[in-house]
1. Tell me which residues, restricted to the stretch A:365-408, are surrounded by fewer than 17 Cβ atoms within 10 Å (Cβ to Cβ), under 40 Å from the mean Cα position of the chain (by Cα) and of a type in the set (A, V, I, L, M).
2. List the helices (runs of 4 or more DSSP H) inside the stretch A:109-223, counting only whole elements, that have at least 1 residues being within 11 Å of RNA strand B (Cβ to nearest atom), over 27 Å from A:ARG71 (Cβ atoms) and touching a residue at least 60 places away in the same chain (Cβ under 8 Å).
3. Could you tell me whether the stretch A:85-97 includes any residue that is more than 13 Å from RNA strand B (Cβ to nearest atom), assigned to a loop (DSSP other than H, G, I, E, B) and modelled with pLDDT of 95 or more?
4. Read through the list (1) away from RNA strand B (no atom under 15 Å from the Cβ); (2) outside any loop (DSSP other than H, G, I, E, B); (3) not small (Gly, Ala, Ser), then give the number of the only condition that A:ASP442 fails.
5. Checking the condition among the β-branched types (Val, Ile, Thr) and near RNA strand B (Cβ under 8 Å from one of its atoms), which residue from A:VAL324, A:VAL281, A:VAL291, A:VAL319 passes?
6. Tell me whether the stretch A:33-43 contains one or more residues that are assigned to a loop (DSSP other than H, G, I, E, B) and more than 21 Å from the chain's Cα centre (by Cα).
7. Among the candidates A:ARG425, A:ARG449, which residue alone is within 14 Å of RNA strand B (Cβ to nearest atom), of a type outside the set (S, T, N, Q) and either outside any helix (DSSP H, G or I) or out of contact with any Pro (no Cβ under 9 Å at 6 or more places or on another chain) (or both)?
8. Restricting attention to the stretch A:445-464, report how many residues are out of contact with any Leu (no Cβ under 7 Å at 6 or more places or on another chain) and either free of Cβ contacts under 8 Å to residues at least 24 places away in the same chain or of a type in the set (A, V, I, L, M, F, W, C) (or both).
Amino acid sequence: MSTPNDETDRDSPSDFVRDKVVADTAAGKYHGRVQTRFPPEPNGFLHIGHAKSIALNFGIAEEFGGECHLRFDDTNPETEDQSYIDGIQEDLAWLGFSPSGETKFASDYFGQLYEWAEQLIAKGLAYVDDQDAETISEQRGGFGQPGVESPYRERSSDENFDLFRRMKAGEFEDGSRVLRAKIDMQADNMQLRDPVLYRIRHAHHYRTLDEWNIYPTYDWAHGQSDAIEGTTHSLCTLEFADHRGLYDWFLANIDDLPYEAPEQTEFARLNLTHTVMSKRVFRRLVDDGHVDGWDDPRMPTLRGLRRRGYPPAAIRAFVEHIGVAKTNSVHDIELLESFIRTELNEHATRRMAVLRPLQVTITNWPTDAGGQPEVVMVEVANHPKDESAGTRMVPFSGELWIEQDDFKLEPPPKYFRLSPGREVRLRAGFLVTAVDADVDADGHPTLVRCTYDPASAGGSAPDGRKVKATMHWVSAAHAVDATVHLYDRLFTDPHPGSDGAEVFDSLNPSSRETVAAKLEPALAEANPGEVYQFERLGYFATDPGDTSVFHRTVGLRDEWANIQKRRQ
RNA sequence: UGGCCGGUAGUUCAAUUGGUGGAACGCCAGAUUUUGAUUCUGGAGGUCGCAGGUUCGAUCCCUGCCCGGCCAACCA
């Protein structure tokens, strides 16, 4: 089949949500208007799961020429805070998305919400219940068991108005009364068993201050906020599917909606192996000191990933690639990492750094008139595939650091790095041959003696002979010291907390290893937050606050590690 | 126990009104390579959850069953 659409549609994502938008638009719903929203609760920072929702909502708005609003669902003043509002906006901008128009707040709609609640009371569709939370919960019944109607369910509307207004005025204690919708205490969908619309909270709200003594619940606020803003497609995660009946019921029973009622569509949230996407768990990780904070590079929060060096473009590419469906899914974190590598491989500046230094002395290296080893500046490309990245000059001398892994006294099969009698290339420098090595009491090499071929400047010999390995190195006299954090999975279990396990039982005690590294001099001028490739090792980001500290973003693919694994 | 939603390579997703099941990542092999990286080529890998039914023909439609997730906050 070959229609003109094949060409134009190839790159735009297709999924059941977009299919619905296309169908709705074609059917003339909302007069062809498309509007979405991203509605975080300001009680924590964004994580990569939110990135999926953000990309979906903003992506659809853009593809269909519509708008996507940022609206804070700030209906619970006891757990929410202005600092999260600031942080979330910062993270959203970093990810690369700009909301349409002003930032919205559910709290801006408290007045309208209250009026609509009175409208429900007037229609006999809402009532004030004087019972406590525990009693209401018991009366709700259970799965397959009927609910019990509240003794206050048939109150007169006069009494309901009076009580509701006095709740608003602050006459009653927290938790002493609630406003409930009168729906159906026998409904199979538990959400429909007379849900709570308002609870009494004499709490200070960071935006409405002390104006309100009652606060709307999520269910009462969300759909109506969507409707007030003109949302057409209200996208949320699967666990809200049961709430859709409520969402529709509220909208259907309000007379003066400013726009055609929006529709809720649910999709599966993003999960990743070896981590957990839960604000509750995040908070405990931070509070118990398992990580340094919400921006610890091991956290799947956007600020954690940013500090770790994950490029926003790679995160966007990843969440677009995994698509949108209703299947509960857990994505392999390695898939995310492959997107990080793809992005970084293309753009990261190459540098040399030795993480676990082993001393090398070149025994036939020349000395100058003063008896000091001569220093030769060698030119090294900043990117193997991108000439425009230019080159830099790196000092080479007779005393060097190499990686401990790059030398073996007795090389195992298929090992083709340095060992006694074997010649390798020191990248862009010279060919060297190991002679012997000093070892410590445990037999570990402490110093390797080599000879070099003076005719191999630049890394190749005139006779064209080949070597099997090219290694990175740093001149000892010029090395810059740095602290490098090497990160591993936060949780050892691919599915923390599954099969009844306790999430924190699989917390990886060695999720961070810190080493004292030796860097080539150019890295002394590293930019804050920039990601470099340390050749043959991986990608490393400088800490935004201290450029002598590096975080390993992700390692390079490692064939040698695979070979070793297979031999076991 | 009731309701809702799911089940397609190892993993995650596709397959446009029922017509020989594809991609990405991972894995394996080869080529290239002054990063065991990158890049390129090829390969292995499937009882479309199970069983019936409708049909010339079913991953797709119907029924039943099995498995997984969510729901009984005055959280979102």
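1. Listed by number, the residues that qualify are A:ALA381, A:ALA389, A:MET393.
2. Here the list reads A:133-139.
3. Yes; the residues of the stretch A:85-97 include at least one that is more than 13 Å from RNA strand B (Cβ to nearest atom), assigned to a loop (DSSP other than H, G, I, E, B) and modelled with pLDDT of 95 or more.
4. With respect to (1) away from RNA strand B (no atom under 15 Å from the Cβ); (2) outside any loop (DSSP other than H, G, I, E, B); (3) not small (Gly, Ala, Ser), A:ASP442 is out only on (2).
5. Step by step, each of A:VAL324, A:VAL281, A:VAL291, A:VAL319 is checked, and only A:VAL324 is among the β-branched types (Val, Ile, Thr) and near RNA strand B (Cβ under 8 Å from one of its atoms).
6. Checked the stretch A:33-43: at least one residue is assigned to a loop (DSSP other than H, G, I, E, B) and more than 21 Å from the chain's Cα centre (by Cα).
7. A:ARG425
8. Adding up the residues that qualify gives 7.
The values are calculated or read from the model by the stated rules, or taken from the named source; none is laboratory data. Just so we're clear, the structure is a prediction, and the values are computed from it rather than from any experiment. Please note: Cβ atoms are built from the backbone with ideal geometry, for glycine as well, and neighbour counts cover all protein chains shown.
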